[in-house]
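Engineer: Below is the structure I would like to discuss, written out as structure tokens.
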Amino acid sequence: MRINSILSGSAFITLLLSYLAVFLLPLALGTILYTKTSNIMVDNANRANLAMLEQLRQVMDIKLKDVEQMSQQIALNSRLQWLINNADTAEISDAYKYVEFVSEHMSRYQNTSNFIYDYYVYLGANDTVLLPTAKTTADTLYHRLYRPLDLSFNTWRSGLLDSPHYQDYIPYTYETPNGKLDTITFVQTLPMGELSAIRGALVIMLDMNKVRSMLTQIESAYQSSVFILDRQDRLIVGKEDQSLLWNQIRGEVKNGAPYEYKDQDGDKMLLHTVSERNGWNYILIMPKEVYLEKVHTLKNWMVTLLLICLAGGAAAIGFWLHRNYTPLRDVVRVLQKERPGRTAQLANEYEFIRETIRMTIHEERELRHILSRQTPVIQASFLSRFIRGHVDVSRMTDESLRFMDIRLISEYFAVILIDIADFSRFSTDQSERQWALIRFIISNISNDLIRERAWGYSVELDQNRLALLVNFYKEGMADVSEELDVIADHLMQVIEKKFKTYITIAIGDMHEGMEGVGESYFEALSALDYKMYRGHSAIIRYREIAAADRHYYYPIETEIQLINFTKSGDAENVDKLINNLFHAHFSSRRITPELGRSLFNNMVSTLWKMINPMDPYYCEVYGEGFEPLKELSACSTVEEMKVKIREWFLALCHYLNVSRSRNSRQLSEKIAQYIEQHYGDEMLSLTMIAEHFQLTPQYLSALFKKQTGTNLNDYLTRVRIDEAKKLMKDKKMTFTQIANKVGYASDIGFIRVFKKYEGTTPGKYRESL
């Protein structure tokens, strides 16, 4: 049957539409992205150019602020106020005051700003001009220093005095001895704020060339032009035709927003900002192609890339259609030849292939079902030997594994051992039937948990023990330890909560290769030995016990310390030392179970060293038939062993404390008597007393203070002082004799000790008698 029996070309059309959709979607997204990017770049261009204009405005505002502050300081100067008020009545003798004002006040502002070219104060009453370095007349200033072009002397002079000026800025060009000087002239009427009785003016000339140099830098860098207008739209800096243009379009321009217009030179972009300080207008005009240069570049690149994508996409669609549809067509033809007559009613090539695969899988499933009835026993036997490492893996083949219905997905394996400790809460019947039932439950739950995350099998090893073979996917090797922990945690929770059964789980490490299965099994078996430390319901990982120390720390010094604490009845330190030993070996460190048992036996040996000399009195402490090793062997966990050993040592401490308390009281009384009998011996000391009673100085001192509440040396000194006070009643005896009588080698040491304890010298004490 030909492929035309299926709807001809249906798969071809599906592939074609799919490729077109995949191709056109990025183009549509690219167009949207271009539009967004273009808008963003235009906005960025606006922001950048406006920021440049704002920076110019801020610089000018700062410079003008310096000028205005300088004008206020000069205008409000008290010396200048006096000169203004007395200009019409001043005599020749007052001329020095003008010179003094110039030298002391006017000259100090010469370096206020590099924008200031020169400045002066004009007093109309006596036609006087005060420069930073000299005093002159208005006529001299006009004809020899600064003569405004196109203004007569009278016009210039009346402009300063006839109308009020408050911080006015006027562009002037002056004729000077050095040539023409373009300035922005600042004029302030004097006195400041006066509207009618104007007596003078403060004039500050700003260098126009400084301002132009700032504008020239911007204009040359951005192929633009910049001009500045004051609040009355008078041109401060710029060209006259630009001022005329601004008067025409000012109503349409918004502050900070770009304005587009067209003139004889082409399309232009205009930006405008206003100074809040003085109302000056700052205008930037730039060719549109310069303003949007990056946007146009982006547009050209996008068009070029679009054309390339269209050409390349068409070629790619043709290539992939041929590449992908041809094998599909050939497969369908082969299947039609092998299975004729089954495709007449199918929609397309994919339906035909899917139906063929479904039928093949169904047939394979039926065959596997037949084989599965025969293979469970063979599979269980093989897995039991395989896990223990008793299989020659070099002779294993994929065919033999398939026959036993065993599928291994990778070369990475781990073994988990499950030890059933107690299921009495699940069933009081401990028959073999119940054992088989609980093994069956654990086996099925384990298989489900393993196959949620990896692959594997469960197998029974003994009546109370099962093994899980976990085979990991190669892609998930990064989280092997975590996966094993999750499987063990979930298994523990389900078995204990739902089936009331206590189990211990031991996890071996993951190994690569089938030879590593046996290694992982023995690792899990070694971890299972540690249930004596962890108890039932524990998950023991080989990686946690693999680093277990191969020695334990119980040196002779520690043993002697434990014996001394016990014999002295120091129960607190005995308890602390035992806790430290157990913490060091079973919490912060790990030792093997064999070494743990050796440590317990050594501690029992220490106990015997103390109670053997007490024989047979130790029966009063522990009772008849005391067998500590046998009792330790009956303990199933380390914590139980710790409790036993702690109880034995603390019981011995209590017994020794009770028997010692009576002897300690009698001994302290004997020590006091000995001191009272030998206080006159200058060699008498704590060491001498300790040697007499055959005790260590430390123990003797601690015992005496515990029983009497007094330090032994203090008690000896007090006895000597009290006896000396008695001897002082005999005024014939000298202090040296008294000192020798009570055990001091010289009167100097005696006097020092006496004053320390009595608060006075022996001489004053004798006088008080």
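Engineer: Please figure out what share of the DSSP beta bridges in the chain is antiparallel and state it in percent, rounded to the nearest 5.
Structural biologist: Taking every DSSP beta bridge with both residues in the chain, the antiparallel ones total about 95 percent.
Engineer: Of the peptides 25-31, 256-262, how do they stack up when ordered by the mean number of other Cβ atoms within 10 Å, highest first?
Structural biologist: Packing proxy ranking, top to bottom: 256-262, 25-31.
Engineer: I need the phi-derived Karplus couplings for region 712-719: 6.51 cos²θ - 1.76 cosθ + 1.60, θ = phi - 60°, integer Hz, Gly and Pro marked x.
Structural biologist: 4, 5, 5, 5, 4, 5, 4, 4
Engineer: Set Lys and Arg Cβ to +1 and Asp and Glu Cβ to -1, take the dipole of the chain about its Cα centre, and tell me which of 416, 272, 739 lies farthest positive.
Structural biologist: Of the candidates, 739 comes out farthest on the positive side.
Engineer: Mind checking the full-extension length gain between residue 726 and residue 434? Use 0.36 nm per residue of separation minus the Cα-Cα distance, one decimal, nm.
Structural biologist: Gain on stretching residue 726 to residue 434: 95.7 nm.
Engineer: With a 1.4 Å probe and every protein chain kept in, tell me what percent of the accessible surface of region 49-116 is carbon plus sulfur.
Structural biologist: Using a 1.4 Å probe with all protein chains present, region 49-116 comes out at 47 percent carbon and sulfur.
Engineer: Still on this structure, please answer the following. Report the full-extension gain for the segment residue 221 to residue 24: residue separation times 0.36 nm, less the Cα-Cα distance, to one decimal in nm.
Structural biologist: Roughly 66.7 nm would be gained on extension.
Engineer: Please enumerate, by chain and number, the lysines with C-alpha under 25 Å from the C-alpha of residue 497, excluding those fewer than 8 residues away in the same chain.
Structural biologist: Within the straight-line limit of under 25 Å, residue 497 reaches these lysines: 531.
Engineer: Pull up the cross-link candidates among the lysines for residue 756, meaning alpha carbon to alpha carbon under 22 Å and not fewer than 8 places away within one chain.
Structural biologist: Answer for residue 756, where 22 Å is the Cα cut-off: 705, 725, 726, 729, 741, 764, listed by chain and number.
Engineer: Sketch the reach of a paramagnetic label on residue 232 as a point 7 Å from Cα along Cα-to-Cβ, and name the residues of region 175-197 whose backbone nitrogen lies under 20 Å away.
Structural biologist: It comes to 183-197, nothing else.
Engineer: Please work out the FRET efficiency for the pair residue 677 and residue 601, using the Cβ-Cβ distance as r and a Förster radius of 51 Å; give the result to the nearest 0.05.
Structural biologist: Taking R0 as 51 Å, the efficiency between residue 677 and residue 601 is 0.50.
Engineer: Using the charge dipole of the chain (Lys, Arg: +1 at Cβ; Asp, Glu: -1 at Cβ; taken about the Cα centre), state which of 205, 301, 37 has its Cα farthest towards the positive end.
Structural biologist: Working it through, the farthest residue towards the positive pole turns out to be 37.
Engineer: Right, next: For labels at residue 393 and residue 635 in the simple 7 Å Cα→Cβ model, what's the distance in nm?
Structural biologist: Roughly 4.1 nm, to one decimal.
Engineer: Ignoring everything except DSSP H segments at least 4 long, calculate the 222 nm mean residue ellipticity for the chain; use -39,500 (n - 2.57) per segment, divide by total residues, nearest 500.
Structural biologist: Taken over the chain, the calculation gives -18500 deg cm²/dmol.
Engineer: For residue 267, enumerate residues with amide H under 5 Å from its amide H, sequence gap 5+ or separate chain, H modeled in the peptide plane.
Structural biologist: Amide H neighbours of residue 267: 288.
Engineer: Treating the angle as unsigned and between 0 and 90°, give the value, to the nearest 10°, between the Cα long axis of helix 697-708 and the longest Cα principal axis of the chain.
Structural biologist: 90 degrees
Engineer: What's the angle, to the nearest 10 degrees (0 to 90), between helix 593-611's Cα axis and the longest principal axis of the chain?
Structural biologist: The two axes meet at around 60 degrees.
Engineer: What's the FRET efficiency of residue 427 with residue 536 using the Cβ-Cβ distance as r and R₀ = 22 Å, to the nearest 0.05?
Structural biologist: Computed FRET efficiency for residue 427 and residue 536: 0.80.
Engineer: Also, quick follow-up: With θ set to phi - 60°, apply the Karplus curve 6.51 cos²θ - 1.76 cosθ + 1.60 along region 133-145 and write out the HN-Hα couplings as whole Hz, x wherever there is a Gly or Pro.
Structural biologist: In residue order, the calculated couplings are 10, 7, 10, 8, 10, 5, 5, 5, 4, 5, 7, 10, 10 Hz.
Engineer: Still on this model: For helix 240-249, what angle does its Cα long axis make with the longest principal axis of the chain, in degrees from 0 to 90 and rounded to 10?
Structural biologist: 70 degrees
Engineer: Can you tell me the Rg and Dmax of the chain, counting just the alpha carbons, in angstroms?
Structural biologist: In Å, with Rg to one decimal and Dmax whole: 55.3, 150.
Engineer: What is the dipole size for the chain, taken about its Cα centre, with +1 at each Lys and Arg Cβ and -1 at each Asp and Glu Cβ, in debye to the nearest 20?
Structural biologist: 1580 debye
Engineer: Place +1 on the Cβ of every Lys and Arg and -1 on the Cβ of every Asp and Glu in the chain, take the dipole about the Cα centre, and give the residue among 608, 232, 520 whose Cα lies farthest towards its positive end.
Structural biologist: Working it through, the farthest residue towards the positive pole turns out to be 608.
Engineer: If you roll a 1.4 angstrom probe over the protein chains with everything in place, what fraction of the accessible area of region 139-195 belongs to carbon and sulfur, to the nearest %?
Structural biologist: Reported share for carbon and sulfur atoms: 47 percent.
Engineer: R0 = 41 Å: FRET efficiency of residue 308 with residue 59, Cβ-based, nearest 0.05?
Structural biologist: The pair residue 308/residue 59 has a calculated efficiency of 0.30.
Engineer: At 1.4 Å probe size, with the rest of the protein present, what percent of the exposed accessible area of region 377-461 is carbon and sulfur atoms?
Structural biologist: Ligands and nucleic acids excluded, carbon and sulfur give 48 percent.
Engineer: Could you state the number of Å between the C-alpha centres of region 245-287 and region 415-431?
Structural biologist: The two parts, judged by their Cα centres, are 92 Å apart.
Engineer: I need the shape label for region 480-582. Rule: rounded when a/c is under 1.5, else prolate if a/b > b/c, else oblate, with a, b, c from the alpha carbon gyration tensor.
Structural biologist: Here region 480-582 falls in the oblate category.
Engineer: Can you spot the aspartates and glutamates whose alpha carbon is less than 18 Å from residue 97's alpha carbon? Ignore those fewer than 8 places along the same chain.
Structural biologist: 88, 127
Engineer: Just the accessible area per residue of the chain, please: how many Å² with a 1.4 Å probe?
Structural biologist: For the chain, the per-residue accessible area is 55 Å².
The values are calculated or read from the model by the stated rules, or taken from the named source; none is laboratory data. All values reported here derive from a predicted model rather than from experimental measurement. Positions of Cβ are backbone-derived with ideal geometry, glycine not excepted, and every protein chain shown enters the neighbour counts. Just so you know, the surface numbers come from the protein's heavy atoms only, side chains and all, with ligands and any DNA or RNA stripped out. Shrake-Rupley method; radii C 1.70, N 1.55, O 1.52, S 1.80 Å.
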